Amino acid sequence: MADPSEDPTAGLRAYLDASPSPWHAVESSVAALDTAGFIALDERAAWTDVPAAGYVSRGGALIAWRRPTTPRSARIVGAHTDSPGLRLKPGGGTSRSGWRQLGVEVYGGVLLNSWLDRDLGLAGRLLLADGSSVLLRIDEPVARVPQLAIHLDRDVNERGLVLDRQLHLAPVWATDPALDLSEWLEEAAGAEAPMAWWELCLFDVQPAAVLGADRSLLASGRLDNLVSCWAATTALVGAESTEHVAMIALFDHEEVGSASTTGASGPFLSTVLERVSAAGGAGRDEFHRLLAASSCVSADNAHAVHPNYAERHDPEHAPMVNAGPAIKLNANQRYATSADTAREFELAAARAGCPVQRFVSRNSVPCGSTIGPLTATRLGIAAVDVGVPQLSMHSARELCGVLDPGWLAAALTEYLAG
């Protein structure tokens, strides 16, 4: 367990609190890379001088690397910046029964009840009329999805809560009928031009916190999958130069299928990897040889055994918190792990002094999937799925152990260093 006099989560908590949207998560990783001397490149420019340590960002996605002069292979850590939640619809919201409400769309596989009666802020990106864009983060409580009082729904505890996504999830954000949402957002962002569009998320403004009498647990929004984004960024910054390309790929839109220009099903990773390879003089054949010799760790959180629902887990493969990251296996290829890739990660973890667990779903409770199978399918790169065990996955506020994120970062550092 964690030593109460120490806080192994300080850097991670700062990252989580600074990253309430995919765009902010990219900004947080970029800040760490800039501090470490990585150089930004523009995808639209000619890459005639690719730095040994560089990165390129695209919306809510980021790819960064360390490369030798003539790489023969690549080691990639993939993760995703997005989390399930509520996204703001276009327009000024609605007025109903004297309340000003925000129009929201459910994003991903959300535990809807977890968003009720929480103090919510707004974060994301504003596109201005002059073509520029600004990031917006309102950390103050500005919205709330109020639950119906039990006096008006007396059998809710026996029947179970049933929420209509259209009718019951619209947050209240004001009572003043004269308040204009667009103008209010422009003022909050300090925009120098009128706003033309927005991409905004609601988020719980309660900061990440260490909890438990033994201070062994970490509670926060967006643990899935910002823990992996933080660990990947930390690992790349700390990895020493090797004979292969060490790369991280933080994708957007994993929670909704990855089918986008910034998702793992798109060409972002393959094009960047090919351009980095070409910087060392590699042609097309050399690039395909590089892919065949490469591997990928798909880092995405795993399900820790739940003490109140232990029957939902396979009793032989039920990870605990604070016992190390879990290697995730699925014979039906929902995870991309093979015996070879699992062993490669185990060896990296052993070099880091990091314990490792194994996760396999109960046959009657099918698992989800990750970017691992997508990367393996698109690029033919052998992959392993790993993740920090957690509870309350896809809740507005999730729970993991304080030791596992640091262990994951250490294992990934060894993996990237090779």
All positions within the stretch 74-106 that are of a type outside the set (Ser, Thr, Tyr), farther than 28 Å from THR262 by Cβ and outside any strand (DSSP E or B):
GLY98
Looking across the stretch 235-268 at residues that are touching a strand residue (DSSP E or B) at 6+ places or on another chain (Cβ under 8 Å) and of a type in the set (Ser, Thr, Tyr), the single one that is nearest to ARG75 (Cα to Cα) is THR242
Within the stretch 337-361, of all residues that are in a loop (DSSP other than H, G, I, E, B) and either of a type in the set (Val, Ile, Thr) or modelled with pLDDT under 95 (or both), the one surrounded by the most Cβ atoms within 10 Å (Cβ to Cβ) is THR337
If a residue has to be at positive phi, in contact (Cβ under 8 Å) with a residue 60 or more places away in the chain and out of contact with any Phe, Trp or Tyr (no Cβ under 6 Å at 6 or more places or on another chain) to count, how many in the stretch 288-344 make the cut?
1
Hey, any hits in the stretch 51-64 for a residue that's of a type in the set (Phe, Trp, Tyr) and surrounded by fewer than 22 Cβ atoms within 10 Å (Cβ to Cβ)?
no
Got at least one residue in the stretch 29-37 being at negative phi, in a loop (DSSP other than H, G, I, E, B) and surrounded by 24 or more Cβ atoms within 10 Å (Cβ to Cβ)?
no
Can you name the residue in the stretch 154-203 that is surrounded by 10 or more Cβ atoms within 10 Å (Cβ to Cβ) and among the polar types (S, T, N, Q) and, of all such residues, is farthest from ASN113 (Cα to Cα)?
SER182
In the set GLY108, GLY98, which member is under 21 Å from the mean Cα position of the chain (by Cα) and in contact (Cβ under 8 Å) with a residue 60 or more places away in the chain?
GLY108
Could you check ALA123 against (1) surrounded by fewer than 16 Cβ atoms within 10 Å (Cβ to Cβ); (2) among the hydrophobic types (A, V, I, L, M, F, W, C); (3) in contact (Cβ under 8 Å) with a residue 40 or more places away in the chain and say which number it fails?
(1)
I'd like to check something: does the stretch 231-244 contain any residue that is over 24 Å from TRP47 (Cα atoms), modelled with pLDDT of 95 or more, β-branched (Val, Ile, Thr) and surrounded by fewer than 22 Cβ atoms within 10 Å (Cβ to Cβ)?
no
Looking at HIS151 and the list (1) surrounded by fewer than 16 Cβ atoms within 10 Å (Cβ to Cβ); (2) modelled with pLDDT of 95 or more; (3) outside any helix (DSSP H, G or I), which single condition is not satisfied?
(3)
Out of the residues in the stretch 8-28 meeting the condition of being assigned to a loop (DSSP other than H, G, I, E, B) and of a type in the set (Gly, Ala, Ser), tell me which one is surrounded by the fewest Cβ atoms within 10 Å (Cβ to Cβ).
ALA18
Taking strands (runs of 3 or more DSSP E) that do not extend beyond the stretch 194-279, which have at least 2 residues that are within 20 Å of PRO84 (Cα to Cα) and touching a residue at least 12 places away in the same chain (Cβ under 8 Å)?
195-204, 217-220, 245-251
Here is a check on your reading of the model: is ALA282 among the aliphatic types (A, V, I, L, M), buried (at least 17 other Cβ atoms within 10 Å of the Cβ), at pLDDT 95 or above and not in a helix (DSSP H, G or I)?
no
Identify the single condition in (1) in a loop (DSSP other than H, G, I, E, B); (2) touching an Asp or Glu at 6+ places or on another chain (Cβ under 8 Å); (3) not assigned by TED's automatic domain parsing to the domain that holds SER295 that HIS168 does not satisfy, given that it satisfies every other one.
(2)
Looking at the stretch 42-73 only, could you name the residues that are touching a Phe, Trp or Tyr at 6+ places or on another chain (Cβ under 8 Å) and either part of a strand (DSSP E or B) or farther than 21 Å from SER294 by Cβ (or both)?
ALA53, GLY54, TYR55, ARG58, GLY59, GLY60, ALA61, LEU62, ILE63, ALA64, TRP65
Out of the stretch 374-396, which residues are in contact with a strand residue (DSSP E or B) (Cβ under 9 Å, 6 or more places away or on another chain) and under 17 Å from PRO267 (Cβ atoms)?
LEU374, THR375, ALA376, LEU379, ILE381
Matching entry among PRO307, PRO319 (being in a loop (DSSP other than H, G, I, E, B), surrounded by 15 or more Cβ atoms within 10 Å (Cβ to Cβ) and not small (Gly, Ala, Ser)):
PRO319
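The values are calculated or read from the model by the stated rules, or taken from the named source; none is laboratory data. The model shown is predicted, which means the values in this text are computed figures rather than measured ones. With ideal geometry, Cβ positions are generated from the backbone for all residues, glycine too; neighbour counts draw on all protein chains shown.
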